[in-house]
Amino acid sequence: MRCTKAVIYSENLKYNLQQIKNHVKPGAEICVAVKADSYGHSAVATARIAHELGGINWFAVATVDEGIELRDSGITENILVLSLCVPEEFPSLFAYKLTPFSFGKEYITALSAAADLYFEDNKKHDVFLAVDTGMGRIGCYPEEAGEQAELISSSKHLALKGMATHFCVSDGISSDAQAFTREQYEKFCTAVENVKARGINPGICSCGNSAAIMNNFDMHFDMVRPGIITYGYYPSEVTKEYLHSVHKDFDIKPVMAVETQVVAIRHFPKGKSVSYGRTYECPEDTDIAILPIGYADGLLRRFSPGMEVTINGRKYPVCGRICMDQCMVNIGKDNPDVKLWDRVVIFGPEESGALTTADDLAKIGNTISYEVLTSISKRVKRIIF
Ligand SMILES: *Cc1c(COP(=O)(O)O)cnc(C)c1O
């Protein structure tokens, strides 16, 4: 087996899910975002672990194919499809019992017509109405919610299962950001009232992502949708600091460790350049370890210079450009602590021995942990530990 792999610490995943359960408003459902293969952590494994833990009745995917993968592996919980799909995919929604986000007269009408073709009996297919309260992505305006809910609930084969909106700055702690989130929440409440005013049951109302789960306890409504905290990362650096000051008892642990092994050690003289573009020259005689991991594995080119890897409890810098399949690490001359075949941790939880996390890489790459995690490619085998 290839030595470059992603180890999924299932105990940490369980721990994080339990933390979420402890902090969600009593009675509110939990819908774990397992989209993008659980942010790179294996959606099937995550869903199984959540199932074993119990009390988690919903999973959220982005695409119909992701939903089908869960169904094919025996997941029977409710599955929400967060992104819109095209009419060619509608029959699969029905066949695999996937609950889609929907909005817009044309979209709902097309979905309704497809359901009429698909279902022969009086069976109804569950649908969520998406409301745009400020995210500027999918969803109807709050004032359109009543009319669109009616379109869904009056359809012969569709049923309004719930309503949802998505926060765009709930990870911000500035008063501006917090005021905007509150405004979004209030607009969502208005949309729910508009639906009720037509005598329609709005079903499960949901707005909370990871940031709102922790920052806005009063906005949990009927269901929250945790993503990134499930995998052990805070939505943003500011929420992390803020939370540590207000919720001392909230604790999460990174779940994924990406690791590899030293496959060669080379002795380089002072001045020898390393990798493409000759951007790095050895400042003195030194030894360079070769690692069989590169940007095709998800180690983004922009992580170097800056990133460090952990070998036997010490950090060493990646030097020169990261290649597609390999990268180089300066381990210093005649270092007795690094030997051929030694294990190297790129990032991960404490338990993995890593001294860096996906947040450290994100900072260097000017991105967020979400992107670092989802960039770990298919070529990197996931090992559920
Ligand atoms: C991805 C996503 C979530 C989860 O977001 P996190 O910030 O990872 O908690 C929740 N709701 C929707 C609609 C999403 O797209």
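The values are calculated or read from the model by the stated rules, or taken from the named source; none is laboratory data. This is a predicted model, so every value here is computed, not measured. Cβ sites come from the backbone with ideal geometry, for glycine too, and all protein chains shown count toward neighbours.
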Task: Any hit, the range 225-241, residues being at pLDDT 95 or above and among the acidic types (Asp, Glu) - done: no
Open item on the list: Yes or no: the range 301-317 includes at least one residue that is farther than 24 Å from MET256 by Cβ and among the small types (Gly, Ala, Ser).
Closed with: no
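So which helices (runs of 4 or more DSSP H) are wholly in the range 1-79 and hold at least 2 residues that are within 14 Å of the chain's Cα centre (by Cα) and either within 26 Å of ILE368 (Cα to Cα) or not hydroxyl-bearing (Ser, Thr, Tyr) (or both)?
By residue number, 10-23, 35-40, 43-53.
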Open item on the list: Among the residues of the range 274-311, what is the count of those that are among the acidic types (Asp, Glu), within 18 Å of LEU373 (Cα to Cα) and in contact with a strand residue (DSSP E or B) (Cβ under 7 Å, 6 or more places away or on another chain)?
Closed with: 1
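Could you identify the single residue in ALA95, ALA36 that is surrounded by fewer than 20 Cβ atoms within 10 Å (Cβ to Cβ), modelled with pLDDT of 95 or more and under 27 Å from PHE250 (Cα atoms)?
Going through ALA95, ALA36 in turn, the sole match is ALA36.
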Open item on the list: Within the range 39-48, take every residue that is closer than 14 Å to ILE383 by Cβ and of a type in the set (A, V, I, L, M, F, W, C) and give me the one that is surrounded by the fewest Cβ atoms within 10 Å (Cβ to Cβ).
Closed with: VAL44
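Yes/no per residue for (1) farther than 29 Å from GLN18 by Cα; (2) crowded, with 19+ Cβ neighbours inside 10 Å; (3) of a type in the set (Gly, Ala, Ser):
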| site | (1), (2), (3) |
| --- | --- |
| CYS140 | yes, yes, no |
| GLU147 | yes, no, no |
| HIS166 | no, yes, no |
| GLN178 | no, no, no |
Task: Filter pass, ASP126 being in contact with a His (Cβ under 9 Å, 6 or more places away or on another chain) and either assigned to a loop (DSSP other than H, G, I, E, B) or over 14 Å from PHE188 (Cα atoms) (or both) - done: no
TODO: With a cut-off of at least 3 residues that are over 32 Å from the mean Cα position of the chain (by Cα) and surrounded by 15 or more Cβ atoms within 10 Å (Cβ to Cβ), name the strands (runs of 3 or more DSSP E) lying wholly within the range 274-325.
DONE: 286-291
- [ ] Output the number of the condition that ALA362 fails; it satisfies all remaining conditions of (1) in contact with a helix residue (DSSP H, G or I) (Cβ under 9 Å, 6 or more places away or on another chain); (2) more than 29 Å from CYS282 (Cβ to Cβ); (3) hydrophobic (A, V, I, L, M, F, W, C).
- [x] (2)
